[in-house]
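As structure tokens, the structure follows; a few thoughts come after it.
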């Protein structure tokens, strides 16, 4: 009988997980696919439209200019209309925008399409993270984040297979190029997901009609009494003025830049390992993506289980950096090159769900929505810098070596900065060692 409350709580969070995480996961798959599938489109699109590597790199990066600029306004709006409407609206608009990219013909049209796509996607990721903080206490959040954020690498698996097949086998159908079919087929599912979000997502636990009364109380109680949560009186103004918000944004910038660069340039990196067809590149790209899925879920689960954040983040960063440093040593070996790329991708992606368990320990309520948006904005601006910078470095040097070494250094720097931020706690996930609310502020 003593375990009955825990059994009710575990059953309740299983329901919450099954209700929200698979749906948010599916949304994030298409979110990430629709922003990064130009990595495969370029294998045919650049030749068809006469785009240079610099034009492509700028188009890949300009997405993040609008994405970063509009993240904060999107989350101000979310505090007024809720996560459900924000996420659904983003899905609907980015699905149409991504599909419409099939009509671009000039560099300026390409830049415009990418700018609009960034604008309409801006509210999704911080909105989803905020939604997870509203439904999961800190000791369950890393696992939920890991499951949700593994969508970025599952998107890599799906995009590699689907994009390669669409470009290869639909090329010329109805007088359309393969890359045009790719944008159309991969864009429209987001419109359907927008309808599902409106039906399945609830903004607050007390709104749920699919939990029993005891399960609802258990979820509300777990979140209310979360020892790792920030104080409820942490205001929006405090969030905007707190140096830790911007410090976290800097950490996220250095950590996530590697994942964006690998996502956009991975197809070319793989293709340069040997004379491969587009379909073969797509098949090979599933290997590092699959490893990253395992890393994200397992590392997030193990972090929740042990209560440690810093060392899980650090070891992931070291692994990712090692893979990036070693990859240039095997410029013509598909086996070893892809092995290094797999380690680099898994390590870089393994850091991200751990990172997103940290902001909820400093921010709550509306302050969390805005603070997460600030952190996301700062971090995702790396997507505006990274792909274009690597394209520039490759144009000058003819290879990716120096760029990969820089990325490895930035990933290690992110781990060092996280250690600095959390230096006063030996094990940040355990209630007995969590700093007081006043210390966190």
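The values are calculated or read from the model by the stated rules, or taken from the named source; none is laboratory data. What you see is a predicted model, and the numbers here were worked out from it, not measured in a lab. Here Cβ is always computed from backbone atoms with ideal geometry, including for glycine, and neighbour counts include all displayed protein chains.
Points worth noting:
- Applying the condition of being surrounded by fewer than 19 Cβ atoms within 10 Å (Cβ to Cβ) and in contact (Cβ under 8 Å) with a residue 60 or more places away in the chain to the range 163-176 and asking which residue is nearest to residue 283 (Cα to Cα) yields 165.
- Selected residue (only one of 351, 340 is closer than 30 Å to residue 82 by Cβ and either in a helix (DSSP H, G or I) or free of Cβ contacts under 8 Å to residues at least 40 places away in the same chain (or both)): 351
- Out of 318, 299, sole residue that is closer than 20 Å to residue 257 by Cα and surrounded by 21 or more Cβ atoms within 10 Å (Cβ to Cβ): 299
- Options 102, 45, 78; residue that is modelled with pLDDT of 90 or more, surrounded by 18 or more Cβ atoms within 10 Å (Cβ to Cβ), on the phi < 0 side of the Ramachandran plot and in a helix (DSSP H, G or I): 102
- Restricting 331, 387, 359 to those that are modelled with pLDDT of 75 or more and under 21 Å from residue 289 (Cβ atoms) reduces the list to 387.
- Residue among 239, 194, 229, 218 that is at pLDDT below 80, in a helix (DSSP H, G or I) and buried (at least 17 other Cβ atoms within 10 Å of the Cβ): 239
- Matching entry among 406, 375, 393, 402 (being assigned to a helix (DSSP H, G or I) and either within 26 Å of residue 241 (Cβ to Cβ) or in contact with a strand residue (DSSP E or B) (Cβ under 8 Å, 6 or more places away or on another chain) (or both)): 375
- Only residues that are modelled with pLDDT under 80 and more than 14 Å from residue 140 (Cβ to Cβ) were counted across the range 1-19, and they come to 5.
- Filter pass, residue 9 being buried (at least 20 other Cβ atoms within 10 Å of the Cβ) and part of a helix (DSSP H, G or I): no
- Boolean, residue 57 is in contact with a helix residue (DSSP H, G or I) (Cβ under 9 Å, 6 or more places away or on another chain) and farther than 15 Å from residue 119 by Cβ: yes
- Filter result for residue 29 (modelled with pLDDT of 85 or more and more than 21 Å from the chain's Cα centre (by Cα)): no
- From the list 40, 51, the lone residue that is over 26 Å from residue 133 (Cβ atoms), touching a residue at least 12 places away in the same chain (Cβ under 8 Å), out of contact with any strand residue (DSSP E or B) (no Cβ under 9 Å at 6 or more places or on another chain) and surrounded by fewer than 24 Cβ atoms within 10 Å (Cβ to Cβ) is 51.
- Lone unmet requirement of (1) over 17 Å from the mean Cα position of the chain (by Cα); (2) modelled with pLDDT under 85 for residue 36: (1)
- Of everything in the range 266-275 that is assigned to a loop (DSSP other than H, G, I, E, B) and under 23 Å from residue 348 (Cβ atoms), the residue that is modelled with the highest pLDDT is 273.
- Verdict on residue 22 being at pLDDT below 90, out of contact with any strand residue (DSSP E or B) (no Cβ under 9 Å at 6 or more places or on another chain) and either surrounded by fewer than 18 Cβ atoms within 10 Å (Cβ to Cβ) or not in a helix (DSSP H, G or I) (or both): no
- In the set 134, 143, only one residue is in contact (Cβ under 8 Å) with a residue 40 or more places away in the chain, surrounded by fewer than 22 Cβ atoms within 10 Å (Cβ to Cβ) and part of a helix (DSSP H, G or I); that residue is 134.
- Test for residue 88: is it in a helix (DSSP H, G or I) and surrounded by fewer than 17 Cβ atoms within 10 Å (Cβ to Cβ): no
- Residues satisfying the stated conditions in the range 401-426, i.e. modelled with pLDDT of 80 or more and farther than 14 Å from residue 251 by Cβ: 401, 402, 403, 404, 405, 406, 407, 408, 409
- Residue in the range 315-327 that is outside any helix (DSSP H, G or I) and under 19 Å from the mean Cα position of the chain (by Cα) present: no
- Selection within the range 54-64: residues that are crowded, with 19+ Cβ neighbours inside 10 Å and in contact (Cβ under 8 Å) with a residue 60 or more places away in the chain. The member of this set that is nearest to the chain's Cα centre (by Cα) is 64.
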